[in-house]
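Quick notes on the structure that follows.
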Amino acid sequence: MKFENILYENREGILYLTLNRPEMRNALTPAMWNDIRTAVQCAREDDEVKVVIVSGAGDKALASGADIKEIHDRAYLKMLQGTSSIALKDLEDLYKPVICAVNGYALGGGCELAMACDLRIATKRSKFGQPEVNLSIIPGAGGTQRLTRLIGIGRAKELIFTGRIIGAEEAHSIGLVNEVTEDDRESLMVAAEKMAKKIMAKGPVAITMGKIAINMGSETDINTGLMIERLAQTVAFSTEDRKEGTAAFLEKRSPNFKGC
């Protein structure tokens with residue numbers, strides 16, 4: 001499948017979704033957000049896609065943020081359209097696991113893109129931040145909400161209020177990043193693929209139910225969250241994969257999950 005601003009390639013169950021404006025450090029535009037949203041819809045409907053890996057072309061950035069000229073010229077009421085927010089909510093709600101591989105800068109919308117993914121892996125030289133206040137705007141694609149949920153309200157306020165950019169090690173220490181690799185794209189993608197294959201070896205319905213329970217439960221009170229978890233577990237228990245998983249364990253063999 002071909003897009004104007006991204007690459008979309010499915011290999012052995014892993015969808016490689018790559019932002020493809022390396023000459024602009026993959027700066028994000030409304031057209032790119034629309035491509036991302038369309039790609040997510042394609043991934044949702046493609047049974048061959050089991051896990052998604054999001055990355056940026058080149059060796060400079062996942063995405064260095066928005067196209068500043070486009071922001072400067074944009075009419076303020078256009079922000080009500082929520083192009084970036086809607087694209088990232090679609091990505092976050094995709095029932096398949098999404099891993100973000102960050103090589104270089106993930107700033108502004110790039111950081112927000114990474115946070116909408118389920119897991120984040122970064123090279124040692126990667127940088128993260130929400131520097132929008134330097135332009136007298138705020139993170140507008142979910143940054144004020146997802147950053148708070150990932151690292152806590154105090155740290156989120158500090159990073160958003162100051163626009164401070166942090167390195168991969170600090171991002172890892174505060175829970176923004178799951179894993180840090182060596183400073184090259186090959187090591188990064190090997191780690192992302194290793195994580196993807198580890199996930200793909202598990203029960204697909206269980207992964208989906210776990211993601212739904214975590215995402216929806218984090219947005220509500222504990223009692224509602226526990227009920228969501230109970231319902232998700234009931235769905236998981238209803239599958240043939242549950243019988244296969246328990247039988248494989250008892251028979252001391254590897255399970256053969258079929259996603260049903």
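In the stretch 230-255, which residues are free of Cβ contacts under 8 Å to residues at least 24 places away in the same chain and touching a helix residue (DSSP H, G or I) at 6+ places or on another chain (Cβ under 6 Å)?
Residue satisfying the conditions is Ala232 alone.
Looking at (1) open to solvent by less than 50 Å² (accessible area, probe 1.4 Å); (2) free of Cβ contacts under 8 Å to residues at least 60 places away in the same chain; (3) within 19 Å of the chain's Cα centre (by Cα), find the lone condition where Gly13 falls short.
In the conditions (1) open to solvent by less than 50 Å² (accessible area, probe 1.4 Å); (2) free of Cβ contacts under 8 Å to residues at least 60 places away in the same chain; (3) within 19 Å of the chain's Cα centre (by Cα), Gly13 misses (2) alone.
Take the stretch 8-46 and flag every residue that is over 21 Å from Glu193 (Cβ atoms) and small (Gly, Ala, Ser).
Residues satisfying the conditions are Ala27, Ala31.
Could you figure out which of (1) crowded, with 18+ Cβ neighbours inside 10 Å; (2) part of a strand (DSSP E or B) isn't true of Trp33?
Checking Trp33 against (1) crowded, with 18+ Cβ neighbours inside 10 Å; (2) part of a strand (DSSP E or B), the one that fails is (2).
Within the stretch 166-260, which helices (runs of 4 or more DSSP H) (wholly inside it) include 1 or more residues that are among the small types (Gly, Ala, Ser) and open to solvent by 80 Å² or more (accessible area, probe 1.4 Å)?
Fully inside the stretch 166-260 and qualifying: 168-173.
Name every residue in the stretch 102-125 that is under 9 Å from the mean Cα position of the chain (by Cα) and open to solvent by 40 Å² or more (accessible area, probe 1.4 Å), in order of residue number.
Asp118, Leu119
Can you name the residue in the stretch 72-101 that is part of a strand (DSSP E or B) and in contact with a helix residue (DSSP H, G or I) (Cβ under 6 Å, 6 or more places away or on another chain) and, of all such residues, is surrounded by the most Cβ atoms within 10 Å (Cβ to Cβ)?
Selected residue: Ala101.
The values are calculated or read from the model by the stated rules, or taken from the named source; none is laboratory data. Computed from a predicted model, the values in this text were never measured in an experiment. In this analysis, Cβ positions are derived from the backbone assuming ideal geometry, glycine residues included, and neighbour counts consider all displayed protein chains. Each accessible area value is taken on the protein alone, full model and side chains, heavy atoms only, with ligands, DNA and RNA left out. Shrake-Rupley method; radii C 1.70, N 1.55, O 1.52, S 1.80 Å.
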